[in-house]
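Asker: Below is a structure I'd like to ask you about.
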Amino acid sequence: MYARFFLKIPRCCKFLLSLFVVFLWGCSPELDWRKVIVKNQPYSATFPARPVSMQRQFQIAEETVVINMQAVQMQGAYFAVGVIDLSFKQQAKALAISQALQQAMQNNIQSMQASSQTVMVQGVQWIELQALGRWPAQQSVLQNIPWFKPAGDSSAKLVMRVLVLPGKIIEVLAVGQTTILSDDVLDQWFSGFELML
């Protein structure tokens, strides 16, 4: 049943799930916060381990987009920053693309409760999404990955900030087990992000 459910997940959701596997590369077993400045990207961020760089092309909101990401998997949680460069034509659909990204992440944790609000960070207005859900059930794509161990707690939390700029969409997110993503960890993660425009 779960395998049939996964086959029905939109392609963009499968793409985001597949990124979780890549997040393993270059990770250490403990939180070790360090500031990272990414060449040719408009931000710096404080990651809990050395991040992995990746670039992927995928379809979302009926558009083909390319996302440049820095990401880390640590202790049952994921931390990532992604930047999508929009073409002139895609700029008109920037809001729809950003909303589709948020929905895709909610689908990844089978969200049962979600809320969004605008937040001011460094004088810039972001959309912040918070959602609660569960990791995909037994026999799902995540359950078959050797490192995925719910450790008795399969509930999940997602906190995601999205910023739409002329020609760009920036997303900053943390997703993982609710016992791992404490308020202190989330504060450390989001306070360590800085726009460099």
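Asker: List every residue whose amide H lies under 5 Å from the amide H of residue 50, counting only residues 5 or more places away in sequence or on a different chain, with H placed 1.01 Å from N in the peptide plane.
Answerer: 28
Asker: Please turn the phi angles of the range 94-107 into ³J(HN,Hα) values with the Karplus equation 6.51 cos²θ - 1.76 cosθ + 1.60 (θ = phi - 60°), one per residue in order, whole Hz, x for glycine and proline.
Answerer: Computed from phi, the couplings for the range 94-107 are 4, 5, 5, 5, 5, 5, 5, 4, 4, 5, 4, 5, 4, 4 Hz.
Asker: Okay, next question. Output wanted: per-residue J couplings in Hz (rounded whole) for the range 182-194, from phi through Karplus 6.51 cos²θ - 1.76 cosθ + 1.60, θ = phi - 60°, x for Gly and Pro.
Answerer: Ordered by residue, 3J(HN,Hα) equals 6, 4, 5, 5, 5, 4, 4, 5, 6, 6, x, 8, 9 Hz.
Asker: Rounded to a whole number, what % of the accessible area of the range 151-192 do carbon and sulfur atoms account for, probe 1.4 Å?
Answerer: So the carbon and sulfur contribution to the accessible surface is 51 percent.
Asker: Give the calculated FRET efficiency between residue 186 and residue 96 to the nearest 0.05, with a Förster radius of 25 Å applied to their Cβ-Cβ distance.
Answerer: Working: r = 27 Å, r/R0 = 1.09.
Step by step, r from the Cβ atoms, then E = 0.35.
Asker: Can you tell me which of 164-173, 117-126 comes out highest on packing, and rank the rest after it, using the mean Cβ neighbours within 10 Å?
Answerer: Working: 164-173: 17.9, 117-126: 11.1.
Ranked from most to least packed, the peptides come out as 164-173, 117-126.
Asker: Further question on the same structure: Determine the sum of side-chain charges near residue 43: Lys and Arg each +1, Asp and Glu each -1, restricted to other residues whose C-beta is under 14 angstrom from that of residue 43.
Answerer: Residues near residue 43 contribute +1 overall.
The values are calculated or read from the model by the stated rules, or taken from the named source; none is laboratory data. Predicted model, so just to flag it, every value in this text is computed and none were measured. No Cβ is skipped: glycine too gets one built from the backbone with ideal geometry, and neighbour counts run over all protein chains shown. SASA here: full protein model, heavy atoms, side chains in, ligands and nucleic acids out. Shrake-Rupley method; radii C 1.70, N 1.55, O 1.52, S 1.80 Å.
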